[in-house]
Structures are given as structure tokens and as C-alpha cells.
1. Within straight cross-link reach of K31, meaning Cα distance under 14 Å, which aspartates and glutamates are found once same-chain residues fewer than 8 apart are removed?
2. Among all cysteines in the chain, which have no other cysteine Cβ under 4.7 Å from their own Cβ?
3. What FRET efficiency comes out for E84 versus E41 if R0 is 25 angstrom and r is the Cβ-Cβ distance? Round to the nearest 0.05.
4. In nanometres, what is the gap between the two model label sites at T92 and T257, each 7 Å from Cα along Cα-to-Cβ?
5. What's the FRET efficiency of K217 with Q248 using the Cβ-Cβ distance as r and R₀ = 25 Å, to the nearest 0.05?
6. Number of Lys-Lys pairs in the range 116-267 under 18 Å by Cα, sequence gap 8 or more or different chains?
7. Could you calculate the contour length gain from E20 to K143, that is, 0.36 nm times the residue separation minus the distance between their Cα atoms, to one decimal place in nm?
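The numbers here are math on the coordinates, done by the rules we state, and not lab data. Computed from a predicted structure; not experimentally measured. Don't worry about glycine lacking a Cβ; one is built from the backbone with ideal geometry, like all the others, and counts go over all protein chains shown.
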Amino acid sequence: MEQAILMESPAELNKQAIAEAFGRAATSYDKHAAFQRDVGERLLAKMPQDLTGKTVLDVGCGTGYFSLELLKRGAHVICFDLSEQMLEAAYTRCGADGVTYRQGDAEQLPFANNSVDYVFSSLALQWCQDLSVPLREIKRVTKPQGRAYLSTLLDGSLHELKQSWAKIDSYQHVNEFISTNQVKIALAQSDCHEHQLDLAAITVWYDTAFALMRDLKGIGATHVDGRANGLTSRKALMRVEQEYQAYQNHQGLLPATYQVCLGVIHL
């Protein structure tokens, strides 16, 4: 009998590549994640200070930095991530008491309907192909009257790096991010009608473009759809560094600008 060959879909391969990239960065993430902590702190500030008796699902928990903060507020925390290595790092940080660990995809949450009080997800959902899919899942697993606290990157993020690379070659080196309007459409498609969105432009300053790229690699944000295969040459990196100088400020520092959406969804 002929054996059937199961082929992984492009989306599955994409998720596998993303998980592997973040897995490789599990030990270096915290050293390079100053921007991610800034955004997460802003999102955490929107949540209740006292979470005693509440179950909070941390989608894309990474190394568990904010899972621990939620734990300190009295919550039972579910650490959820695509990467097994990130979950191992979260376990090292948060321990076993009051925390559950689950590996999986935000587009297919392995939790029962109406099973959590709150969802916290900072800078994870931009890795989903269609934002409405994880939003539907978040709505499904959250109890009535619960809330979801989400942050994601928007179109225009890292435009300085994108424009600098565009001078070098025609390949894609920076991920595409959705617009504010596309976020609103995804919210409507997932029946998340009651929400507040705060938009923020956050600039991180670097001595060199290399330092920015080291941070991106250090947190695992290295999977880019449409990127050329193979290693980027030293010569190309030197040219990017040269092109990036056009954005230098009077102190000689280089900006990396992020467009961030911070959302609170009433479910």
C-alpha cells in the first residue's frame, strides 16, 4: 500500500521557524529585551493591582518576566508560549507554585471555554498571520465580564532599519506589521466590540545599527517572511550601518522607532 506523505502547510512551517528562533534566544532574551519590558510595564499598568483568586493567561510569556509580576499580584498564572525553551526559562524564573505551563499556538489555545479571568499578551500577537484568529480564541477562553490586555506592533515600526536595508538590496529584512485600521477590523471580526486602544511611538536609542540588530537577534525576532536564504554578508551589514547614519541625532545616537498598540478588551 502506498504510504501517505503529510506535508506541513506554509503557516505550520512559519510557526515552527518562529518557535525555533525564539527557542535559540531563550538564554539571551532578558539581556536584550529593554524595549519589550518597557511595553509590558505600560500594559501591566492597565491591569488591576490585586489579582488574588484570578486566573491570568499570559500568551507569549517568553521568559516569564511579566508572569512573575502577575504572580506577585496574587494571580494564578498560566504561562503559555510557542517555544518550549522559553517555557523552561519561565519555569526557572517563576517556579511551580501558583503557575501552570503550557506550550502551544495562540491561534489554537488548548483551554476550555470561559476558563480564565484575564488574558495578558505583550508583543506576541504580531507573529500571528491573522490577528482575528487569536482574538477569537482569547474571547472564547475568557469568562464573561473578563478582560484581555494586549500589545502589538504596528505598521511603521523599525522604519529606519527598513529604509536603510532598502538602499542595499531588494530582500525583506524587517517584518511587516499591520495598521491601526487592520487591528480595528480584526477586533470587529472577532466580536471584540468593547475596547480601548492606546497608540504610542516609542524610540529606543542606539550607538550603532549593529547594536539594534544584536538586540533583535538576542530576543529571537529573526524570522522574516520573504528573507533571502543564507547568512547576511559582513559587507552588507557595514553598508546598512553607513546608511543608518542618516538618522543620527545631534548626540550621535541612532533611533529605532516602534509604533505600539496597547489594547484593553472588555469581554
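1. Output for K31: D215.
2. Flagged as lacking a Cys partner: C94, C128, C192, C261.
3. 0.40
4. Between T92 and T257, the label points sit 3.7 nm apart.
5. Step by step, r from the Cβ atoms, then E = 0.70.
6. 4
7. Computed gain between E20 and K143 is 41.1 nm.
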